[in-house]
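The structure appears below as C-alpha coordinates.
The values are calculated or read from the model by the stated rules, or taken from the named source; none is laboratory data. A quick note: this is a predicted structure, and the numbers were derived from the prediction, not measured. Here the Cβ is made from the backbone with ideal geometry for all residues, glycine too, and neighbour counts use every protein chain on show. Note: areas computed on protein heavy atoms with side chains; ligands, DNA, RNA excluded. Shrake-Rupley method; radii C 1.70, N 1.55, O 1.52, S 1.80 Å.
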Amino acid sequence: MQVTINICTQEIFKLETRMVIGVVNLSRWLKGTSSSNKIVMSGFKTCGSSDLGASLIGGESGAQEEQSVSVRASAVLEECLASSVQSTPEIEKKYVHRVYDAIAPHFSSTRFAKWPKVATFLNSLAPGSLILDAGCGNGKYLGLTADSFFIGCDISAPLVGICADRGHEVVVADAVNLPYRTGYGDAAISIAVLHHLSTEIRRRKAIDELVRVVKRGGLVLITVWAVEQEDKTLLNKWTPLTDKYVDEWIGPGSPRTRSSSPFTLGSSSSFALESIPETEENGLKEKLNNFRDSSSAMKGSENGQIASEGKDHLDFEAGEKGESHQEYFVPWHLPYHRAEVSGASVGAVANGLAKKDDKKGAIVYNRYYHVFSQGELERLVSGMKNAVVVDRFYDKSNWCIILRKT
Amino acid sequence: MRLLTHNMLSSTIKGVTNGFPLKIEPQTITQRPVELNPVFLKNMFAKLEWKPLVEASRTMGYFELPEDVSDLSVLESEEFLQKLHHALLEIHLEEGALVCPETGRKFPVQKGIPNMMLHEDEV
(Lines give C-alpha, C1' and ligand atoms only; values in the text may rest on other atoms or scores of the structure.)
Protein backbone atom coordinates (compact mmCIF):
# COMPACT_ATOMS: atom_id res chain seq x y z
CA MET A 1 0.00 0.00 0.00
CA GLN A 2 1.31 3.37 -0.87
CA VAL A 3 0.49 5.95 1.74
CA THR A 4 0.64 9.55 0.79
CA ILE A 5 0.80 12.06 3.57
CA ASN A 6 -0.18 15.64 3.16
CA ILE A 7 0.77 17.46 6.27
CA CYS A 8 -0.61 20.78 7.31
CA THR A 9 1.88 22.66 9.35
CA GLN A 10 2.28 25.92 11.01
CA GLU A 11 4.49 28.03 8.82
CA ILE A 12 7.16 28.31 11.48
CA PHE A 13 7.86 24.62 11.72
CA LYS A 14 10.39 23.17 9.39
CA LEU A 15 8.60 20.64 7.31
CA GLU A 16 11.36 18.06 7.35
CA THR A 17 11.11 17.63 11.08
CA ARG A 18 7.40 17.05 11.03
CA MET A 19 7.58 14.70 8.13
CA VAL A 20 10.31 12.60 9.58
CA ILE A 21 8.72 12.27 12.98
CA GLY A 22 5.38 11.64 11.36
CA VAL A 23 6.83 8.93 9.18
CA VAL A 24 8.66 7.20 11.99
CA ASN A 25 5.55 6.99 14.09
CA LEU A 26 3.23 6.27 11.24
CA SER A 27 5.34 3.31 10.28
CA ARG A 28 4.96 1.95 13.79
CA TRP A 29 1.23 2.43 13.52
CA LEU A 30 0.96 0.60 10.26
CA LYS A 31 1.21 -2.77 11.89
CA GLY A 32 1.53 -5.88 9.89
CA THR A 33 2.22 -4.03 6.71
CA SER A 34 4.52 -5.73 4.30
CA SER A 35 7.91 -4.44 3.42
CA SER A 36 6.65 -3.49 0.00
CA ASN A 37 4.71 -0.63 1.51
CA LYS A 38 6.14 2.69 0.72
CA ILE A 39 5.45 5.90 2.47
CA VAL A 40 5.46 8.78 0.09
CA MET A 41 5.69 12.26 1.39
CA SER A 42 4.25 14.61 -1.10
CA GLY A 43 3.57 18.23 -0.89
CA PHE A 44 2.25 20.16 2.00
CA LYS A 45 -0.29 22.83 2.66
CA THR A 46 -0.25 25.44 5.32
CA CYS A 47 -3.43 25.45 7.29
CA GLY A 48 -4.95 28.38 9.04
CA SER A 49 -5.25 26.35 12.19
CA SER A 50 -2.43 26.33 14.64
CA ASP A 51 -2.93 22.66 15.39
CA LEU A 52 -0.96 20.09 13.57
CA GLY A 53 -3.21 18.18 11.31
CA ALA A 54 -2.60 15.51 8.79
CA SER A 55 -4.77 14.07 6.17
CA LEU A 56 -3.87 10.61 5.13
CA ILE A 57 -4.78 9.34 1.77
CA GLY A 58 -4.26 5.61 1.56
CA GLY A 59 -4.97 3.25 -1.21
CA GLU A 60 -3.97 0.06 -2.90
CA SER A 61 -2.43 0.43 -6.28
CA GLY A 62 -3.90 3.76 -7.02
CA ALA A 63 -7.37 3.37 -5.55
CA GLN A 64 -8.14 6.15 -3.18
CA GLU A 65 -10.08 5.58 0.02
CA GLU A 66 -10.03 8.95 1.57
CA GLN A 67 -12.59 9.91 4.09
CA SER A 68 -12.73 7.34 6.83
CA VAL A 69 -9.04 6.59 6.56
CA SER A 70 -8.22 10.25 6.73
CA VAL A 71 -10.01 10.99 9.96
CA ARG A 72 -8.76 7.98 11.83
CA ALA A 73 -5.22 8.23 10.57
CA SER A 74 -5.14 11.88 11.37
CA ALA A 75 -6.09 11.26 14.95
CA VAL A 76 -3.58 8.47 15.30
CA LEU A 77 -0.87 10.50 13.67
CA GLU A 78 -1.55 13.37 15.99
CA GLU A 79 -1.38 11.10 18.96
CA CYS A 80 1.83 9.53 17.69
CA LEU A 81 3.29 12.92 17.13
CA ALA A 82 2.16 14.10 20.53
CA SER A 83 3.72 11.22 22.38
CA SER A 84 6.84 11.27 20.29
CA VAL A 85 7.50 14.83 21.39
CA GLN A 86 7.94 13.69 24.94
CA SER A 87 10.13 10.66 24.29
CA THR A 88 13.74 11.57 24.78
CA PRO A 89 15.73 11.12 21.56
CA GLU A 90 18.91 9.05 21.81
CA ILE A 91 21.16 11.98 21.09
CA GLU A 92 19.82 13.82 24.11
CA LYS A 93 20.14 10.76 26.32
CA LYS A 94 23.76 10.28 25.34
CA TYR A 95 24.96 13.81 24.83
CA VAL A 96 22.91 15.78 27.31
CA HIS A 97 21.45 13.66 30.11
CA ARG A 98 24.33 11.28 30.73
CA VAL A 99 26.90 14.01 30.33
CA TYR A 100 25.34 16.32 32.89
CA ASP A 101 24.84 13.43 35.28
CA ALA A 102 28.53 12.59 34.99
CA ILE A 103 29.86 16.13 35.28
CA ALA A 104 27.29 17.50 37.75
CA PRO A 105 29.52 18.45 40.70
CA HIS A 106 32.26 19.88 38.51
CA PHE A 107 29.74 21.66 36.32
CA SER A 108 28.03 23.08 39.38
CA SER A 109 31.29 24.44 40.74
CA THR A 110 31.70 26.53 37.61
CA ARG A 111 28.15 27.88 37.64
CA PHE A 112 28.04 30.68 40.11
CA ALA A 113 28.17 33.97 38.26
CA LYS A 114 24.66 35.38 37.95
CA TRP A 115 23.70 36.82 34.62
CA PRO A 116 22.52 40.39 35.16
CA LYS A 117 19.73 40.04 32.61
CA VAL A 118 18.19 37.20 34.54
CA ALA A 119 18.57 39.06 37.80
CA THR A 120 16.89 42.11 36.27
CA PHE A 121 13.99 39.99 35.11
CA LEU A 122 13.54 38.33 38.48
CA ASN A 123 13.77 41.61 40.33
CA SER A 124 11.08 43.08 38.11
CA LEU A 125 8.53 40.57 39.36
CA ALA A 126 6.11 41.42 42.14
CA PRO A 127 7.18 40.62 45.69
CA GLY A 128 5.83 37.33 46.97
CA SER A 129 5.88 35.72 43.54
CA LEU A 130 6.11 32.01 42.88
CA ILE A 131 8.78 31.49 40.24
CA LEU A 132 9.33 28.26 38.33
CA ASP A 133 12.79 27.49 36.95
CA ALA A 134 12.58 24.70 34.36
CA GLY A 135 16.04 23.32 33.70
CA CYS A 136 17.44 24.88 36.85
CA GLY A 137 20.79 23.07 36.66
CA ASN A 138 22.70 23.60 39.89
CA GLY A 139 20.06 26.03 41.10
CA LYS A 140 22.04 29.16 40.51
CA TYR A 141 18.95 31.33 40.17
CA LEU A 142 16.81 29.69 42.82
CA GLY A 143 16.23 32.11 45.64
CA LEU A 144 17.83 34.97 43.78
CA THR A 145 15.07 37.32 44.87
CA ALA A 146 14.58 37.02 48.60
CA ASP A 147 10.90 37.77 48.73
CA SER A 148 9.84 35.31 46.07
CA PHE A 149 9.65 31.56 46.26
CA PHE A 150 11.30 29.35 43.68
CA ILE A 151 10.53 25.83 42.62
CA GLY A 152 13.16 24.37 40.31
CA CYS A 153 13.26 21.27 38.20
CA ASP A 154 15.89 19.59 36.09
CA ILE A 155 16.18 16.31 34.28
CA SER A 156 19.49 15.57 35.95
CA ALA A 157 18.99 13.97 39.36
CA PRO A 158 22.58 14.72 40.44
CA LEU A 159 22.15 18.40 39.65
CA VAL A 160 18.78 18.49 41.41
CA GLY A 161 20.46 16.87 44.40
CA ILE A 162 22.94 19.71 44.51
CA CYS A 163 20.05 22.19 44.58
CA ALA A 164 18.36 20.31 47.39
CA ASP A 165 21.58 20.26 49.41
CA ARG A 166 21.42 24.03 49.31
CA GLY A 167 17.91 24.01 50.73
CA HIS A 168 16.01 24.68 47.52
CA GLU A 169 12.63 23.25 46.62
CA VAL A 170 13.26 21.08 43.57
CA VAL A 171 11.87 18.24 41.52
CA VAL A 172 13.40 15.86 38.98
CA ALA A 173 11.32 16.46 35.87
CA ASP A 174 11.43 16.89 32.11
CA ALA A 175 11.04 20.41 30.72
CA VAL A 176 9.20 18.97 27.75
CA ASN A 177 6.52 17.52 30.02
CA LEU A 178 6.27 19.49 33.25
CA PRO A 179 4.42 17.62 36.00
CA TYR A 180 2.79 20.84 37.11
CA ARG A 181 -0.83 21.82 36.99
CA THR A 182 -1.72 24.73 34.77
CA GLY A 183 -1.40 28.35 35.84
CA TYR A 184 0.25 27.87 39.24
CA GLY A 185 3.34 30.00 38.76
CA ASP A 186 3.60 33.77 38.61
CA ALA A 187 6.59 33.55 36.29
CA ALA A 188 8.91 31.01 34.74
CA ILE A 189 12.49 31.01 33.52
CA SER A 190 14.34 28.78 31.09
CA ILE A 191 18.00 29.78 31.14
CA ALA A 192 20.23 28.01 28.62
CA VAL A 193 18.01 24.95 28.37
CA LEU A 194 16.18 24.80 25.05
CA HIS A 195 19.39 24.52 23.06
CA HIS A 196 19.78 21.00 24.43
CA LEU A 197 16.55 19.86 22.77
CA SER A 198 17.25 18.22 19.46
CA THR A 199 14.04 18.80 17.53
CA GLU A 200 11.98 21.86 16.81
CA ILE A 201 8.84 20.18 18.07
CA ARG A 202 10.45 19.51 21.42
CA ARG A 203 11.75 23.03 21.68
CA ARG A 204 8.32 24.40 20.93
CA LYS A 205 6.70 21.97 23.38
CA ALA A 206 9.04 23.12 26.12
CA ILE A 207 7.98 26.72 25.45
CA ASP A 208 4.32 25.69 25.50
CA GLU A 209 4.94 24.10 28.88
CA LEU A 210 6.59 27.22 30.29
CA VAL A 211 3.59 29.28 29.26
CA ARG A 212 1.11 26.69 30.45
CA VAL A 213 2.42 26.54 34.00
CA VAL A 214 2.23 30.28 34.66
CA LYS A 215 -0.90 32.26 35.40
CA ARG A 216 -2.60 34.51 32.90
CA GLY A 217 -0.51 37.63 32.67
CA GLY A 218 2.51 35.70 33.91
CA LEU A 219 5.92 36.27 32.37
CA VAL A 220 8.35 33.77 30.90
CA LEU A 221 12.04 34.46 30.26
CA ILE A 222 13.88 32.19 27.85
CA THR A 223 17.56 32.38 26.96
CA VAL A 224 19.46 30.18 24.52
CA TRP A 225 22.94 30.06 23.00
CA ALA A 226 23.22 31.95 19.75
CA VAL A 227 24.76 30.90 16.46
CA GLU A 228 26.01 34.45 16.37
CA GLN A 229 28.70 34.16 18.99
CA GLU A 230 30.49 37.26 20.18
CA ASP A 231 33.69 35.29 19.99
CA LYS A 232 33.38 33.90 16.50
CA THR A 233 36.39 31.67 16.89
CA LEU A 234 34.36 29.56 19.31
CA LEU A 235 32.06 28.37 16.56
CA ASN A 236 35.03 27.20 14.54
CA LYS A 237 36.19 25.09 17.41
CA TRP A 238 32.92 23.33 18.10
CA THR A 239 32.32 20.02 16.41
CA PRO A 240 29.42 20.17 13.97
CA LEU A 241 27.04 17.24 14.04
CA THR A 242 27.83 14.75 11.33
CA ASP A 243 26.21 11.87 9.49
CA LYS A 244 27.19 9.18 11.93
CA TYR A 245 24.81 10.57 14.52
CA VAL A 246 21.78 10.71 12.25
CA ASP A 247 20.26 7.45 13.47
CA GLU A 248 19.97 8.91 16.91
CA TRP A 249 18.64 12.19 15.84
CA ILE A 250 15.78 13.54 13.89
CA GLY A 251 15.70 17.21 13.30
CA PRO A 252 16.18 20.09 10.94
CA GLY A 253 19.06 19.46 8.62
CA SER A 254 17.50 16.29 7.27
CA PRO A 255 17.35 16.53 3.51
CA ARG A 256 14.43 18.37 2.05
CA THR A 257 12.08 15.74 0.72
CA ARG A 258 11.48 15.86 -2.96
CA SER A 259 7.83 15.55 -3.85
CA SER A 260 7.67 12.27 -5.70
CA SER A 261 10.49 10.26 -4.27
CA PRO A 262 9.86 7.62 -1.63
CA PHE A 263 11.21 8.42 1.77
CA THR A 264 12.67 5.29 3.22
CA LEU A 265 13.70 5.16 6.80
CA GLY A 266 17.29 4.53 7.59
CA SER A 267 18.76 6.33 4.65
CA SER A 268 21.55 8.59 5.66
CA SER A 269 21.10 12.29 5.44
CA SER A 270 23.73 14.63 4.31
CA PHE A 271 24.39 17.79 6.13
CA ALA A 272 25.45 20.56 3.89
CA LEU A 273 27.80 22.88 5.67
CA GLU A 274 27.49 26.13 3.87
CA SER A 275 29.79 28.93 4.66
CA ILE A 276 28.32 32.37 4.91
CA PRO A 277 29.48 34.63 2.09
CA GLU A 278 31.46 37.61 3.24
CA THR A 279 28.78 40.20 2.73
CA GLU A 280 26.34 38.29 4.90
CA GLU A 281 28.93 37.93 7.60
CA ASN A 282 29.53 41.67 7.69
CA GLY A 283 25.83 42.31 7.83
CA LEU A 284 25.56 39.95 10.74
CA LYS A 285 28.28 41.73 12.61
CA GLU A 286 26.37 44.95 12.20
CA LYS A 287 23.24 43.40 13.56
CA LEU A 288 25.18 42.10 16.53
CA ASN A 289 26.54 45.55 17.25
CA ASN A 290 23.04 46.93 17.27
CA PHE A 291 21.96 44.33 19.76
CA ARG A 292 24.92 44.52 21.98
CA ASP A 293 24.04 45.82 25.38
CA SER A 294 26.87 48.03 26.44
CA SER A 295 25.54 48.48 29.91
CA SER A 296 25.97 44.93 31.04
CA ALA A 297 29.50 44.17 32.02
CA MET A 298 30.01 40.62 33.08
CA LYS A 299 33.18 39.18 34.35
CA GLY A 300 33.76 35.63 33.25
CA SER A 301 31.01 34.30 31.13
CA GLU A 302 27.50 33.72 31.98
CA ASN A 303 26.32 31.72 29.10
CA GLY A 304 28.51 28.83 29.95
CA GLN A 305 30.91 28.98 27.07
CA ILE A 306 33.88 29.87 29.21
CA ALA A 307 34.20 28.34 32.62
CA SER A 308 34.33 30.94 35.34
CA GLU A 309 36.84 28.97 37.26
CA GLY A 310 39.97 29.03 35.12
CA LYS A 311 39.88 29.05 31.36
CA ASP A 312 41.49 25.64 30.94
CA HIS A 313 38.29 23.73 31.46
CA LEU A 314 36.78 24.37 28.09
CA ASP A 315 39.22 23.67 25.35
CA PHE A 316 37.43 23.18 22.12
CA GLU A 317 38.38 20.63 19.53
CA ALA A 318 39.07 21.92 16.08
CA GLY A 319 36.12 21.24 13.85
CA GLU A 320 34.89 22.10 10.42
CA LYS A 321 33.82 25.61 9.73
CA GLY A 322 30.11 26.00 9.11
CA GLU A 323 28.57 29.18 10.38
CA SER A 324 25.09 28.42 9.16
CA HIS A 325 25.18 25.08 10.88
CA GLN A 326 23.30 24.92 14.14
CA GLU A 327 23.93 21.46 15.52
CA TYR A 328 27.10 21.03 17.52
CA PHE A 329 28.95 19.03 20.07
CA VAL A 330 30.58 21.27 22.62
CA PRO A 331 33.17 19.51 24.73
CA TRP A 332 33.34 19.54 28.50
CA HIS A 333 36.66 18.68 30.09
CA LEU A 334 36.20 16.88 33.37
CA PRO A 335 39.56 16.86 35.16
CA TYR A 336 40.66 13.43 36.34
CA HIS A 337 40.66 14.57 39.93
CA ARG A 338 37.01 15.57 39.59
CA ALA A 339 35.89 12.40 37.88
CA GLU A 340 34.62 9.59 40.03
CA VAL A 341 37.07 6.79 40.58
CA SER A 342 34.47 4.30 39.53
CA GLY A 343 31.20 5.01 37.93
CA ALA A 344 29.93 7.27 35.23
CA SER A 345 33.22 8.38 33.73
CA VAL A 346 34.83 4.96 33.61
CA GLY A 347 31.73 3.58 31.97
CA ALA A 348 31.50 6.51 29.60
CA VAL A 349 35.03 6.04 28.35
CA ALA A 350 34.46 2.31 28.04
CA ASN A 351 31.49 2.70 25.74
CA GLY A 352 32.82 5.56 23.70
CA LEU A 353 30.71 8.30 25.18
CA ALA A 354 33.75 10.14 26.46
CA LYS A 355 37.47 10.24 25.74
CA LYS A 356 40.50 10.45 27.94
CA ASP A 357 42.83 13.31 27.26
CA ASP A 358 46.02 12.58 29.13
CA LYS A 359 47.67 15.77 27.96
CA LYS A 360 44.98 17.80 29.66
CA GLY A 361 44.41 15.29 32.42
CA ALA A 362 40.72 15.28 31.75
CA ILE A 363 37.90 13.16 30.48
CA VAL A 364 36.28 14.85 27.52
CA TYR A 365 32.53 14.70 27.16
CA ASN A 366 30.51 16.12 24.30
CA ARG A 367 27.33 18.05 24.92
CA TYR A 368 24.74 18.33 22.21
CA TYR A 369 23.61 21.83 21.29
CA HIS A 370 21.19 23.25 18.80
CA VAL A 371 22.30 26.86 18.81
CA PHE A 372 19.67 29.37 17.81
CA SER A 373 19.88 31.75 14.90
CA GLN A 374 18.65 35.31 14.97
CA GLY A 375 14.86 35.40 14.87
CA GLU A 376 14.49 31.70 15.56
CA LEU A 377 13.03 32.15 19.02
CA GLU A 378 10.47 34.59 17.64
CA ARG A 379 9.57 32.23 14.85
CA LEU A 380 9.15 29.44 17.36
CA VAL A 381 6.62 31.44 19.35
CA SER A 382 4.96 33.30 16.51
CA GLY A 383 2.08 30.86 16.24
CA MET A 384 1.29 30.72 19.93
CA LYS A 385 -2.27 31.64 20.73
CA ASN A 386 -1.81 32.16 24.45
CA ALA A 387 1.36 34.22 24.64
CA VAL A 388 2.77 37.45 23.29
CA VAL A 389 6.35 38.65 23.05
CA VAL A 390 7.02 41.56 25.38
CA ASP A 391 10.78 41.80 24.90
CA ARG A 392 13.52 40.26 22.86
CA PHE A 393 17.26 40.87 23.01
CA TYR A 394 20.72 39.55 22.36
CA ASP A 395 23.12 39.49 25.23
CA LYS A 396 26.47 37.83 25.75
CA SER A 397 26.06 35.46 22.80
CA ASN A 398 22.56 34.44 23.83
CA TRP A 399 19.21 35.09 22.21
CA CYS A 400 16.61 35.99 24.78
CA ILE A 401 12.88 36.47 24.77
CA ILE A 402 10.25 37.43 27.31
CA LEU A 403 6.70 36.21 26.84
CA ARG A 404 3.49 37.13 28.59
CA LYS A 405 0.69 34.61 28.88
CA THR A 406 -2.55 36.09 27.59
CA MET B 1 9.05 18.28 49.27
CA ARG B 2 6.81 20.95 50.70
CA LEU B 3 3.05 20.93 50.41
CA LEU B 4 3.33 24.11 48.38
CA THR B 5 4.96 21.99 45.68
CA HIS B 6 2.62 19.05 46.21
CA ASN B 7 -0.31 21.35 45.48
CA MET B 8 1.15 21.87 42.01
CA LEU B 9 2.46 18.38 41.15
CA SER B 10 0.45 16.32 38.76
CA SER B 11 0.78 13.00 36.99
CA THR B 12 1.26 13.41 33.24
CA ILE B 13 1.27 9.71 32.42
CA LYS B 14 -0.17 9.00 28.99
CA GLY B 15 -3.89 8.39 29.16
CA VAL B 16 -4.44 10.04 32.51
CA THR B 17 -7.23 12.61 32.41
CA ASN B 18 -6.68 14.16 35.78
CA GLY B 19 -3.38 13.47 37.48
CA PHE B 20 -3.98 15.82 40.40
CA PRO B 21 -3.72 15.58 43.31
CA LEU B 22 -1.15 12.89 43.94
CA LYS B 23 -1.79 10.80 47.00
CA ILE B 24 1.01 11.05 49.55
CA GLU B 25 2.52 7.94 51.10
CA PRO B 26 4.82 9.41 53.72
CA GLN B 27 7.73 7.56 55.22
CA THR B 28 9.87 10.28 56.76
CA ILE B 29 8.61 13.74 57.63
CA THR B 30 10.57 16.64 59.04
CA GLN B 31 9.68 20.15 60.16
CA ARG B 32 11.91 23.07 59.31
CA PRO B 33 10.94 26.56 60.43
CA VAL B 34 11.20 29.37 57.94
CA GLU B 35 10.27 33.04 57.98
CA LEU B 36 6.66 33.90 57.26
CA ASN B 37 5.95 36.14 54.26
CA PRO B 38 2.34 37.38 54.35
CA VAL B 39 2.47 38.85 50.85
CA PHE B 40 3.57 35.50 49.48
CA LEU B 41 0.95 33.59 51.45
CA LYS B 42 -1.88 35.81 50.27
CA ASN B 43 -0.63 35.48 46.71
CA MET B 44 -0.46 31.69 47.02
CA PHE B 45 -3.87 31.37 48.67
CA ALA B 46 -5.59 32.28 45.42
CA LYS B 47 -3.76 29.54 43.54
CA LEU B 48 -4.21 26.71 46.00
CA GLU B 49 -6.54 23.79 45.60
CA TRP B 50 -7.72 23.93 49.19
CA LYS B 51 -9.20 20.49 49.78
CA PRO B 52 -6.13 18.66 48.43
CA LEU B 53 -3.99 20.85 50.68
CA VAL B 54 -6.02 20.02 53.75
CA GLU B 55 -5.98 16.33 52.97
CA ALA B 56 -2.25 16.34 52.21
CA SER B 57 -1.46 18.20 55.45
CA ARG B 58 -3.45 15.66 57.44
CA THR B 59 -1.58 12.82 55.76
CA MET B 60 1.57 14.57 56.90
CA GLY B 61 0.29 14.73 60.47
CA TYR B 62 -0.92 18.32 60.61
CA PHE B 63 -4.59 18.82 61.47
CA GLU B 64 -4.84 22.56 62.01
CA LEU B 65 -6.00 23.71 58.60
CA PRO B 66 -9.73 24.57 58.46
CA GLU B 67 -11.78 22.68 55.93
CA ASP B 68 -13.76 25.71 54.92
CA VAL B 69 -12.12 28.91 53.77
CA SER B 70 -14.97 30.43 51.82
CA ASP B 71 -14.84 33.48 54.08
CA LEU B 72 -11.87 35.35 52.68
CA SER B 73 -11.53 37.49 55.79
CA VAL B 74 -9.64 34.50 57.09
CA LEU B 75 -6.61 35.94 55.27
CA GLU B 76 -6.50 38.82 57.73
CA SER B 77 -6.18 36.43 60.63
CA GLU B 78 -2.59 36.04 61.79
CA GLU B 79 -3.44 32.72 63.30
CA PHE B 80 -4.71 31.44 59.97
CA LEU B 81 -1.68 32.74 58.12
CA GLN B 82 0.58 30.97 60.61
CA LYS B 83 -1.21 27.69 59.99
CA LEU B 84 -1.16 28.17 56.24
CA HIS B 85 2.51 29.06 56.37
CA HIS B 86 3.35 26.03 58.43
CA ALA B 87 1.42 23.67 56.18
CA LEU B 88 2.77 25.06 52.92
CA LEU B 89 6.40 25.67 53.79
CA GLU B 90 7.55 24.11 57.04
CA ILE B 91 6.50 20.47 56.74
CA HIS B 92 8.79 18.41 54.52
CA LEU B 93 8.30 14.99 53.06
CA GLU B 94 11.84 13.58 53.07
CA GLU B 95 11.15 10.01 52.05
CA GLY B 96 8.00 8.50 50.65
CA ALA B 97 5.99 8.36 47.47
CA LEU B 98 3.44 10.32 45.47
CA VAL B 99 0.79 8.16 43.88
CA CYS B 100 -0.94 8.87 40.58
CA PRO B 101 -4.69 9.02 41.33
CA GLU B 102 -5.64 7.14 38.18
CA THR B 103 -2.89 4.62 37.55
CA GLY B 104 -1.54 4.03 41.04
CA ARG B 105 1.96 4.57 39.75
CA LYS B 106 4.29 5.69 42.54
CA PHE B 107 6.66 8.60 42.07
CA PRO B 108 9.43 8.26 44.64
CA VAL B 109 10.42 11.05 47.00
CA GLN B 110 14.00 10.72 48.23
CA LYS B 111 15.96 13.25 50.26
CA GLY B 112 13.00 15.55 49.86
CA ILE B 113 13.10 15.41 46.08
CA PRO B 114 10.18 14.01 44.09
CA ASN B 115 11.25 12.21 40.94
CA MET B 116 8.53 12.82 38.39
CA MET B 117 10.37 11.37 35.40
CA LEU B 118 8.19 9.08 33.34
CA HIS B 119 9.32 5.76 31.91
CA GLU B 120 9.39 5.27 28.14
CA ASP B 121 6.05 3.53 28.06
CA GLU B 122 4.30 6.17 30.13
CA VAL B 123 5.00 8.99 27.74
Which residue, of B:52, B:21, B:38, B:33, is in contact (Cβ under 8 Å) with a residue 24 or more places away in the chain, touching a His at 6+ places or on another chain (Cβ under 9 Å) and under 23 Å from residue A:160 (Cβ atoms)?
-> B:21
Has the range B:54-61 got any residue that is in contact with a strand residue (DSSP E or B) (Cβ under 7 Å, 6 or more places away or on another chain), within 14 Å of residue B:1 (Cβ to Cβ), of a type in the set (A, V, I, L, M, F, W, C) and in a loop (DSSP other than H, G, I, E, B)?
-> yes
Among residues belonging to the range A:145-175 that are hydrophobic (A, V, I, L, M, F, W, C) and farther than 27 Å from residue B:119 by Cβ, point out the one that is surrounded by the fewest Cβ atoms within 10 Å (Cβ to Cβ).
-> A:146
Of the numbered conditions (1) surrounded by fewer than 24 Cβ atoms within 10 Å (Cβ to Cβ); (2) closer than 23 Å to residue A:85 by Cα; (3) away from every other protein chain (no Cβ under 12 Å), residue A:212 fails exactly one; give the number of that condition.
-> (3)
Condition met for residue A:403 (open to solvent by less than 20 Å² (accessible area, probe 1.4 Å), at pLDDT 90 or above and not in a strand (DSSP E or B)) | no
Among the candidates B:94, B:79, which residue alone is within 12 Å of another protein chain (Cβ to nearest Cβ) and either part of a strand (DSSP E or B) or more than 14 Å from the chain's Cα centre (by Cα) (or both)?
-> B:94
Go through the range A:165-178 and give me each residue that's among the aliphatic types (A, V, I, L, M) and at the interface with chain B (Cβ under 7 Å from one of its Cβ atoms).
-> A:170, A:171, A:172, A:173
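Would it be correct to say that residue A:358 is of a type in the set (Asp, Glu), open to solvent by 50 Å² or more (accessible area, probe 1.4 Å) and at pLDDT below 95?
So residue A:358 fits the description; yes.
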Within the range B:97-123, count every residue that is more than 11 Å from chain A (Cβ to nearest Cβ), farther than 10 Å from residue B:24 by Cα and either part of a helix (DSSP H, G or I) or touching a Cys at 6+ places or on another chain (Cβ under 9 Å) (or both).
-> 0
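Could you grab me the full set of residues in the range A:176-185 that are open to solvent by less than 10 Å² (accessible area, probe 1.4 Å) and over 17 Å from the mean Cα position of the chain (by Cα)? Give the derivation first.
First, pick out the residues of the range A:176-185 that are open to solvent by less than 10 Å² (accessible area, probe 1.4 Å): A:176, A:178-180, A:184-185.
Those that are open to solvent by less than 10 Å² (accessible area, probe 1.4 Å) and over 17 Å from the mean Cα position of the chain (by Cα): A:179, A:180, A:184, A:185.
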Test residue A:120 against the criterion of being more than 10 Å from chain B (Cβ to nearest Cβ), without any contact (Cβ under 8 Å) to a residue 60 or more places away in the chain and assigned to a loop (DSSP other than H, G, I, E, B), and give yes or no.
-> no
Filter the range A:385-398 down to the residues that are at negative phi and open to solvent by less than 20 Å² (accessible area, probe 1.4 Å), then identify the one that is nearest to the chain's Cα centre (by Cα).
-> A:398
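Yes/no per residue for (1) more than 7 Å from every other protein chain (Cβ to nearest Cβ); (2) assigned to a strand (DSSP E or B); (3) of a type in the set (A, V, I, L, M, F, W, C):
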| site | (1), (2), (3) |
| --- | --- |
| A:128 | no, no, no |
| A:137 | yes, no, no |
| A:142 | yes, no, yes |
| A:145 | yes, no, no |
| A:163 | yes, no, yes |
| A:182 | yes, no, no |
| A:188 | yes, yes, yes |
Answer yes or no: is there a residue in the range B:22-31 that is open to solvent by less than 60 Å² (accessible area, probe 1.4 Å), closer than 30 Å to residue A:84 by Cβ and at the interface with chain A (Cβ under 10 Å from one of its Cβ atoms).
-> yes
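If you scan the range A:348-383, which residues turn out to be in a loop (DSSP other than H, G, I, E, B) and touching a strand residue (DSSP E or B) at 6+ places or on another chain (Cβ under 8 Å)? It would help to see each step written out before you state the result.
Step one: list which residues in the range A:348-383 are in a loop (DSSP other than H, G, I, E, B), which gives A:351-353, A:358-361, A:371, A:373-375, A:382-383.
A:353, A:360, A:361, A:371, A:373, A:374 - these are the residues of the range A:348-383 that are in a loop (DSSP other than H, G, I, E, B) and touching a strand residue (DSSP E or B) at 6+ places or on another chain (Cβ under 8 Å).
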